[in-house]
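Asker: To start, I am sharing the structure in question, which I have written as structure tokens.
The values are calculated or read from the model by the stated rules, or taken from the named source; none is laboratory data. Owing to the predicted nature of the structure, the values given are computational and were not obtained by experimental measurement. When we count neighbours, we look across all protein chains shown, and the Cβ atoms used for this are built from the backbone with ideal geometry, even at glycine.
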Amino acid sequence: MIRVILHGLGGVGQKIAKLVVEKPFLECVGAVTANSEDWGKDLGELLGLGKKLGIEVSSSLSEKIEATKADAVLDATKSLVKDIQDYIFTSIRAGLNFVSVCEELAYPWVDSPQIAKEIDELAKGYSVTVFGTGINPGFIGDLVPLMFTAPCKNVNRIISNRTTNAAGLGASAVGPFAIGESEEEFKKRLAEGTLKGFTGHREIIRELADALGWKIANIERKVEPQVSTIQRRGQFFTIESGKVCGVKTETSGFRDDGEMVITLTLMVVFQPTEEASKEDAKLGFKAGDFITIDGDPKLAIEVKGFSDAAQLTANHAVNSIPYVIHARPGLLSPKDFPPFAPRV
């Protein structure tokens, strides 16, 4: 039995929590959230399970770690490593493995190399593993393309187009995309640099390039909004007609000779209903993943059924836990692991 402390109970965090409490090989021994309205609640009630689990939701990860015997922390809070580094270091020093859906943690050597080095060295010193995963980065954006390069004689370029449904994400998760705001506000925030958008493309590009032995000299990104013509009412919030309902992010990696060798396009769109999906289909946003390996041979891969990014991220993170527990110590990336098979 692997004892897990849950950290973060937002849209993805709650999906993770439901999986953890139903897996027979996992035991939830603590739950922590930053939402003060949930402090003191029983986790079962918070998750809408119709029963109490005897796990009181608390406010402090460090206090929960100190008071609880655990094997791992499963984090679903932030997208940037600098925002969760204190949680990582606290967990490591307590001898706990740390798994997170923080996009940047999947390959932090890109934008946070010094923190990555410190995490790696400290984790090795305490014989624990730190791992960032999810669905993108973590699987569809990096492991799937790499898997399909294996039978190629050579690879010249990788192109990936992904459209995913943001309806399962909480307001805090879609906030960085300015989903729900006006197009004017979107453009203003984009010009100011306060619109973060999708975090993970830079990490995926560097991870793919390192695995293939490519040298990336420059990475460029374009971000564009999609405005809804209908009201979109979801589980966590509602987007009115005329407001931003989706964000398209296109990121490309170039070699020093100027040749574009990796292009990643992600459309994150709020589709809580069939009506919303049909509207977006008219605009050419087809749910799924479409990957091209331009090489010898040239391969085209289409993956369907990957529209619910929140649930897929939760599934992949939970499936990784047994592998992380037995992995070598240090800070590892998705390419360091085989595909995770779900345990029952």
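Asker: With the checklist (1) hydrophobic (A, V, I, L, M, F, W, C); (2) surrounded by fewer than 16 Cβ atoms within 10 Å (Cβ to Cβ); (3) not in a loop (DSSP other than H, G, I, E, B) in hand, flag the one item ILE230 doesn't pass.
Answerer: Result: ILE230 fails condition (3) only.
Asker: Same structure again: Just a yes or no: is a residue in region 55-65 surrounded by fewer than 19 Cβ atoms within 10 Å (Cβ to Cβ) and charged (D, E, K, R)?
Answerer: Yes.
Asker: Further question: Among the candidates ILE115, ILE158, single out the residue that is at pLDDT 95 or above, aliphatic (A, V, I, L, M) and assigned to a strand (DSSP E or B).
Answerer: ILE158
Asker: Suppose we filter region 270-292 for residues that are part of a loop (DSSP other than H, G, I, E, B), in contact (Cβ under 8 Å) with a residue 12 or more places away in the chain and not aliphatic (A, V, I, L, M); how many remain?
Answerer: To start, the set of residues in region 270-292 that are part of a loop (DSSP other than H, G, I, E, B) comprises 270-273, 283-287.
With in contact (Cβ under 8 Å) with a residue 12 or more places away in the chain added as a condition, the list becomes 270-273, 283, 285-287.
Then keep just the ones that are not aliphatic (A, V, I, L, M); that gives 270-273, 285-286.
Summing the residues that are part of a loop (DSSP other than H, G, I, E, B), in contact (Cβ under 8 Å) with a residue 12 or more places away in the chain and not aliphatic (A, V, I, L, M) in region 270-292 gives 6.
Asker: Quick check: is even one residue across region 95-103 touching a Ser or Thr at 6+ places or on another chain (Cβ under 9 Å), part of a helix (DSSP H, G or I) and farther than 20 Å from LEU26 by Cα?
Answerer: Yes, that holds for at least one residue.
Asker: Name the residue that is surrounded by the most Cβ atoms within 10 Å (Cβ to Cβ), counting only residues in region 138-188 that are touching a residue at least 60 places away in the same chain (Cβ under 8 Å) and of a type in the set (Lys, Arg).
Answerer: ARG162
Asker: Got a sec? Which of GLU37, GLU45, GLU27, GLU63 is in the same structural domain as SER127 (by TED's automatic domain parsing), more than 30 Å from LEU208 (Cα to Cα) and part of a strand (DSSP E or B)?
Answerer: None of the others qualify; the one that does is GLU27.
Asker: Follow-up. Determine the pairs where a residue that is closer than 12 Å to VAL128 by Cβ, located within region 81-96, has a partner that is outside any helix (DSSP H, G or I) and not hydrophobic (A, V, I, L, M, F, W, C) with Cβ atoms under 6 Å apart, the partner being 6 or more residues away or on another chain.
Answerer: That search, which allows pairs on different chains as well, returns ILE92/TYR126; GLY95/TYR126.
Asker: Here's something else I'd like to know. Looking only at residues in region 310-325 that are out of contact with any Lys or Arg (no Cβ under 9 Å at 6 or more places or on another chain) and hydrophobic (A, V, I, L, M, F, W, C), which one is surrounded by the fewest Cβ atoms within 10 Å (Cβ to Cβ)?
Answerer: ILE325
Asker: Report whether or not VAL101 is more than 12 Å from the chain's Cα centre (by Cα), aliphatic (A, V, I, L, M) and crowded, with 24+ Cβ neighbours inside 10 Å.
Answerer: So VAL101 does not fit the description; no.
Asker: Assess whether ASP83 counts as being at pLDDT 95 or above, part of a helix (DSSP H, G or I), touching a strand residue (DSSP E or B) at 6+ places or on another chain (Cβ under 9 Å) and not assigned by TED's automatic domain parsing to the domain that holds TRP214. Even if it seems obvious, please write down each step before you answer.
Answerer: On the way: at pLDDT 95 or above: yes; part of a helix (DSSP H, G or I): yes; touching a strand residue (DSSP E or B) at 6+ places or on another chain (Cβ under 9 Å): no; not assigned by TED's automatic domain parsing to the domain that holds TRP214: yes.
Considered against the rule, which asks whether it is at pLDDT 95 or above, part of a helix (DSSP H, G or I), touching a strand residue (DSSP E or B) at 6+ places or on another chain (Cβ under 9 Å) and not assigned by TED's automatic domain parsing to the domain that holds TRP214, ASP83 comes out as no.
Asker: Then there's this: Could you go through region 141-150 and let me know if any residue there is among the small types (Gly, Ala, Ser) and assigned to a helix (DSSP H, G or I).
Answerer: no
Asker: Go through region 66-80 and count every residue that is touching a residue at least 40 places away in the same chain (Cβ under 8 Å) and not in a loop (DSSP other than H, G, I, E, B).
Answerer: Residues meeting the conditions: 4.
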